[in-house]
Amino acid sequence: MTIRYTLLTVAGALVLTACGSEMAEAPAPEAAPPGDAAPAAEAAPAAAEPADDGALPARIVAERGGFIPEGVEYDQANGRLLTGSIAEGTIFEIHGDGSMTAVVSDPELGATIGIEADEPRDRLLVANSGGFGEAPGRAGLAVFSLTTGERIAMVDLAATLGELPEGASVFANDVTVAEDGTVYATDTRMNVVYVVDGDYNASVMHRFEGIEGLALNGLVHHPDGYLLVADLGNGGIYKVPVDDPAATSEVALPEPMAGADGLVWDSAGNLVVVSNSSGMVTALQSDDGWTSASIAGVAPYEGQATTGAVVGDDIYIVHPFFQDPEALPIIERVTFQ
């Protein structure tokens, strides 16, 4: 696939624009995230054991660089790790030995950022982006068969915004899916949350306004009917009721989640936040419906990571190496303390 911008542009821009993560899918036939995680043992049942449980090494080094994987996801139906690609757009399977297999190649893919495996509907949901702040950029949702890689839909999310102000840009960052198949996506440049129904009709669900420094990033869906959305700019987490977005509120945290990028539900019901600036993955739990949250554990790592994937009871994070695009990307398992 043709690279649509220079790698140097990517390296500079992604410090602020790096995407959010994916939700931990529950066992088929229903991909349901856990409920509130306090205590964790009383959360919804743990995710199903992956098809290749125990087969993944703790650290996987990709066989080549240059593709810059910002999003990572575990496909439970087929027992495989998937990554997006900022530079090439292709969705790859990363094998345990670091070898790569193209799963999805499509000429209309730009930079693939957040990716989500929707196993009950055999779909792979992809935040289709590009431009990194260049007007007008790109904000789309690409949908493919998880089994075959064939295109199901290509949705222009930005079209729902109408005419953009002069110099404005769009950037689709992360995607998540509800139990009924409704898809939600964030736009980091416009600070909106899009919603896409089962017929692939898109609209703006909620527009954040008046919050200085806000930069929407990762998001997850909760079965009680709300989204949790990361604010990369300020380190906050927002709760967005899907039936009443006007009632959006900020979750009270013990401390800001600096560099909050990827969000994912772990198998114990905690909200796992991958920071792309602090060298830390933080597990949060809540006993009041995510009005507030406390820290359940932390997992330090070296370098810069963006998003995480749930593999059984483990969390794997991806290191894209934005500042050195030719470096070999790494996917590694983190250990919570």
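The values are calculated or read from the model by the stated rules, or taken from the named source; none is laboratory data. None of these values were measured; they are calculated from a predicted model. Using ideal geometry, Cβ is built from the backbone for each residue, glycine included, and neighbour counts are taken over all protein chains shown.
Values as computed for the structure displayed
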read-out: Within the stretch 283-337, considering residues that are among the aliphatic types (A, V, I, L, M) and part of a loop (DSSP other than H, G, I, E, B), the one farthest from ASN78 (Cα to Cα); value: ALA293
read-out: The listed residue being closer than 19 Å to ALA252 by Cβ, at pLDDT 95 or above and in contact with a strand residue (DSSP E or B) (Cβ under 8 Å, 6 or more places away or on another chain), out of GLY269, GLY308, GLY279; value: GLY269
read-out: Yes/no for ASP287 being under 25 Å from ASP224 (Cβ atoms) and surrounded by fewer than 18 Cβ atoms within 10 Å (Cβ to Cβ); value: yes
read-out: Looking only at the stretch 87-107, and only at residues there that are among the acidic types (Asp, Glu) and surrounded by fewer than 18 Cβ atoms within 10 Å (Cβ to Cβ), the one that is farthest from VAL318 (Cα to Cα); value: ASP97
read-out: Candidate set: the stretch 172-196, residues that are part of a loop (DSSP other than H, G, I, E, B) and more than 17 Å from ALA158 (Cα to Cα); chosen: the one nearest to the chain's Cα centre (by Cα); value: ALA178
read-out: Per-region count, the stretch 85-144, residues of a type in the set (Phe, Trp, Tyr) and at pLDDT below 95; value: 1
read-out: Cross-chain or 6+ apart pairs with Cβ under 6 Å, the stretch 205-226 first and farther than 14 Å from ALA185 by Cα, then part of a strand (DSSP E or B); value: LEU214/ASP231
read-out: Residue satisfying all of: in the stretch 58-86; hydrophobic (A, V, I, L, M, F, W, C) and not in a loop (DSSP other than H, G, I, E, B); surrounded by the most Cβ atoms within 10 Å (Cβ to Cβ) among these; value: VAL72
